[in-house]
Amino acid sequence: MKHGIEPIASPLWVGFDGKALSPALARWLAHGEVAGVVLFSRNIESPAQVRALCREIRSSAGRGNPLPLIAVDQEGGRVARFKEPPFTRFPPARACSLFCCRNESVAEAVGAATAAELRAVGIDMNFAPVLDVGSNPRNPVIGDRAFSEDPRTAAALGIAFAKGSLSRGILPVGKHFPGHGDTSADSHQELPVVRAGMRTLLRRELLPFRLAVRAGIPALMTAHVMYPALDRTLTATLSRKILHDLLRGRMRFRGTIISDALEMKAIADRYGIGEAAVLAVTAGCDVVLVCKGENDQAETIDRLARETRDRPTFRRAVAASAVRSGRLREWAASTERCRTAPLAVGAARRRLLSSLLREAWENTLRTSPDGKSGNIGEG
């Protein structure tokens, strides 16, 4: 994406089908129309194949374009894209809360172990930890993805996981701001509404995010959820009141704001995909995700380019977003980032940590509603 003479990073990150780079994505990367790639289970075969794929993604970036960042959802439990051996499978995040005074150490160790394996195959970013509070036992999408039903515990364990992730060279992304834990609907299928008042939101939903911001988390992902106490008309992803006034203003977050996938029905049933991307950037998102559908992705590219060309205010918003996402690229390319360890995948000490957590988790006999923890759709 061009801004005057200098290229700036597009706010669009996409997913794709298959185990090798698609021709459309290769073209978009070469033209600077896409600045990040999200991998799913459908893209993953083996550690060597993923390493080669990540190299191909980076080498496809056109000369002078910002290097694309590569992200994945690897929370543990059912929300894990690296599912098969030799990759280590961890139980849901809630399992980290079963070790009393050692909970934070366990969460940090899980974050570090997960990150070491992601780093070994070329990933830059993990869409974790979940900072939602598991306050609604009937929640169909969060459930045991939340570290705790208690806001301060959810915050402490999420922050510890993020610390472990950073220590092994992976950028953590806290989600889903300003909180998805009290919903009774799945935003992949419909628009959830959290009707809690402002006082409750401040002490419950917002507390983990406020503490994570204070701890320096580099990025947050938005929720496709309505919060009438915060904005009566728009979902959080599209709400300037929530992303700019609350998160940037009152909470003083200076990191990168990433939308959840815009093809989810909470958004797609109400807006065209290109329109939603423009609204999200206008509201304050620095990165917008369209994780499937080449037609939707092409529409988003065209709409973002047109708005950037024709609307100076939107062009300035994209430029400011590129500065914030650029800080993530700078960190990913810096010598401060720990070196990759290709043999980290499936190391014995990580398998041992996983088995200890799994034993503790299975002994609780806990499951979320219908035995699910809300796998983020890959269909």
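The values are calculated or read from the model by the stated rules, or taken from the named source; none is laboratory data. Fair warning: this is a prediction, and the values are worked out from it, not measured in the lab. A quick note on method: Cβ atoms are made from the backbone with ideal geometry, for glycine too, and the neighbour counts reach across all protein chains shown. Ligands, DNA and RNA are stripped out before the accessible areas are found, and what is left, the full protein with its side chains, is counted by its heavy atoms. Shrake-Rupley method; radii C 1.70, N 1.55, O 1.52, S 1.80 Å.
The single condition from (1) in a helix (DSSP H, G or I); (2) of a type in the set (D, E, K, R); (3) closer than 21 Å to Glu307 by Cβ that Glu33 fails is (1). The set of residues in the stretch 224-260 that are closer than 23 Å to Gln189 by Cα, open to solvent by less than 40 Å² (accessible area, probe 1.4 Å) and in a loop (DSSP other than H, G, I, E, B) comprises His224, Val225, Pro228, Leu230, Thr235, Ser239. Of the residues screened, Ala26 is not one that is in contact with a Ser or Thr (Cβ under 8 Å, 6 or more places away or on another chain), open to solvent by less than 10 Å² (accessible area, probe 1.4 Å), among the hydrophobic types (A, V, I, L, M, F, W, C) and over 30 Å from Leu157 (Cβ atoms).
The residues in the stretch 331-340 that are in a helix (DSSP H, G or I) and either touching a strand residue (DSSP E or B) at 6+ places or on another chain (Cβ under 9 Å) or hydroxyl-bearing (Ser, Thr, Tyr) (or both) can be counted, and the count is 2. Here the stretch 74-112 is the region considered, the condition is being among the polar types (S, T, N, Q) and assigned to a helix (DSSP H, G or I), and the residue that is most open to solvent (accessible area, probe 1.4 Å) is Ser105.
For (1) in a helix (DSSP H, G or I); (2) open to solvent by 40 Å² or more (accessible area, probe 1.4 Å); (3) closer than 29 Å to Pro23 by Cα; (4) among the charged types (D, E, K, R), each residue gets a yes or a no:
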{"site": "Val278", "(1), (2), (3), (4)": "yes, no, yes, no"}
{"site": "Val281", "(1), (2), (3), (4)": "yes, no, yes, no"}
{"site": "Cys285", "(1), (2), (3), (4)": "no, no, yes, no"}
{"site": "Val288", "(1), (2), (3), (4)": "no, no, yes, no"}
{"site": "Thr300", "(1), (2), (3), (4)": "yes, no, yes, no"}
{"site": "Ala305", "(1), (2), (3), (4)": "yes, yes, yes, no"}
{"site": "Ala319", "(1), (2), (3), (4)": "yes, no, yes, no"}
{"site": "Arg329", "(1), (2), (3), (4)": "yes, no, yes, yes"}
{"site": "Leu343", "(1), (2), (3), (4)": "yes, yes, no, no"}
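If you go through the stretch 74-90 one residue at a time, do you hit one that is among the aliphatic types (A, V, I, L, M) and either out of contact with any Lys or Arg (no Cβ under 8 Å at 6 or more places or on another chain) or at pLDDT below 95 (or both)? Looking for residues that are among the aliphatic types (A, V, I, L, M) and either out of contact with any Lys or Arg (no Cβ under 8 Å at 6 or more places or on another chain) or at pLDDT below 95 (or both), one finds none in the stretch 74-90, hence no. Of everything in the stretch 41-63 that is outside any loop (DSSP other than H, G, I, E, B) and open to solvent by 40 Å² or more (accessible area, probe 1.4 Å), the residue that is farthest from Thr340 (Cα to Cα) is Arg42. Just one of the listed residues (Gly158, Gly169, Gly174) is surrounded by 18 or more Cβ atoms within 10 Å (Cβ to Cβ), part of a loop (DSSP other than H, G, I, E, B) and not aliphatic (A, V, I, L, M), namely Gly169. Taken across the stretch 205-212, residues that are open to solvent by 30 Å² or more (accessible area, probe 1.4 Å), more than 26 Å from Asn126 (Cα to Cα) and outside any loop (DSSP other than H, G, I, E, B) do not occur at all. Does any residue of the stretch 364-377 turn out to be at pLDDT below 95, under 19 Å from Ala107 (Cβ atoms) and not in a loop (DSSP other than H, G, I, E, B)? Checking the stretch 364-377: at least one residue is at pLDDT below 95, under 19 Å from Ala107 (Cβ atoms) and not in a loop (DSSP other than H, G, I, E, B). When restricted to residues that are touching a Phe, Trp or Tyr at 6+ places or on another chain (Cβ under 8 Å), of a type in the set (D, E, K, R) and within 18 Å of Phe82 (Cβ to Cβ), the stretch 107-139 contains 1. Across the stretch 118-140, not a single residue is classified as closer than 26 Å to Ser41 by Cβ, hydroxyl-bearing (Ser, Thr, Tyr) and touching an Asp or Glu at 6+ places or on another chain (Cβ under 7 Å). Count of the stretch 114-128 residues, restricted to those that are over 11 Å from Thr88 (Cα atoms) and open to solvent by 10 Å² or more (accessible area, probe 1.4 Å), is 2.
Evaluation of Arg324 against the conditions (1) open to solvent by less than 10 Å² (accessible area, probe 1.4 Å); (2) in contact with an Asp or Glu (Cβ under 6 Å, 6 or more places away or on another chain) shows that the sole unmet condition is (1). Among the residues examined, Ile123 does not qualify as within 24 Å of Asp286 (Cβ to Cβ), assigned to a strand (DSSP E or B) and within 18 Å of the chain's Cα centre (by Cα).
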